[in-house]
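Visitor: Starting off with a structure, shown below.
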Amino acid sequence: MKVTPKTVMLGLLIVGLSVISAIYLIYFISNGGGVDLQAGRKFAESNCSRCHAIGPTGASPLDPAVPFRTFAERWPLETLEEALAEGIFTGHPAMPEFELTPQQIRNFIGYLKTIQQ
């Protein structure tokens with residue numbers, strides 16, 4: 001087979017598409033295939049709603065608890081990922097410690113993003 005500029009370009013195109021496909025596949029698998037916003041909201045309802053306002057409106061039941069819809073005003077939501085994975089611990093006893101799986105974190109943060117003001 002004779003090597004021509006056309007065959008070199010075709011080879012590079014095939015390699016490039018293969019690399020892009022592999023990166024996408026790895027990203028998709030590592031992200032658990034997506035975000036389940038309903039699961040994120042259910043986590044918030046089950047574990048957070050006794051103190052925090054977890055929806056787009058309303059006051060938090062516990063006065064000093066920050067409403068979830070205002071989290072992004074105080075902290076970049078992505079910084080919560082590490083804290084949720086390692087276990088959130090605060091200086092007050094009313095806040096329980098949580099340690100979530102990567103999928104639970106994606107679901108919860110995905111939900112938080114939907115309610116930010």
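Visitor: Loop-only GluC sites (Glu not before Pro) in region 53-95, please: DSSP not H, G, I, E or B, and at most 14 other Cβ atoms within 10 Å.
Guide: 78
Visitor: Checking the cross-link filter: which aspartates and glutamates have an alpha carbon closer than 17 Å to that of residue 6, excluding same-chain neighbours under 8 positions apart?
Guide: none
Visitor: Sticking with this one: From the C-alpha coordinates alone, can you work out the Kirkwood hydrodynamic radius of region 37-115, in Å? Spell out each step's value before the answer.
Guide: Numbers: mean 1/r = 0.0793 Å⁻¹.
It is 12.6 Å.
Visitor: If the reach is capped at under 16 angstrom between alpha carbons, list the lysines near residue 42, excluding any in the same chain fewer than eight residues apart.
Guide: Leaving aside lysines fewer than 8 places away in the same chain, those within reach of residue 42 are 113.
Visitor: Given Cβ point charges of +1 (Lys, Arg) and -1 (Asp, Glu) and nothing else, what value in debye, to the nearest 20, does the dipole of region 37-115 about its Cα centre take?
Guide: So the magnitude is around 360 debye.
Visitor: Spelling out what I want: for every residue of region 67-79, take phi, set θ = phi - 60°, compute 6.51 cos²θ - 1.76 cosθ + 1.60 (Karplus), and round to whole Hz; glycine and proline get x.
Guide: Calculated HN-Hα couplings, in order: x, 4, 5, 10, 4, 5, 6, 9, 9, x, 4, 5, 6 Hz.
Visitor: If you don't mind, another one. Hey, what did region 37-115 get for relative contact order, percent, Cα under 8 Å, at least 6 apart?
Guide: Contact order relative to length: 35 percent.
Visitor: Sticking with this one: Please list, in chain and number order, the residues 5+ apart from residue 98 or on another chain whose amide H is under 5 Å from its amide H, with Hs placed from the backbone.
Guide: Those qualifying (amide H under 5 Å, at least 5 residues apart or on another chain) are 88.
Laboratory data are not the source of any read-out in this text; all were calculated from the coordinates shown. Being a predicted model, the structure only gives us computed values, none of them experimental. Neighbour counts run over all protein chains shown; Cβ positions are idealised from the backbone, glycine included.
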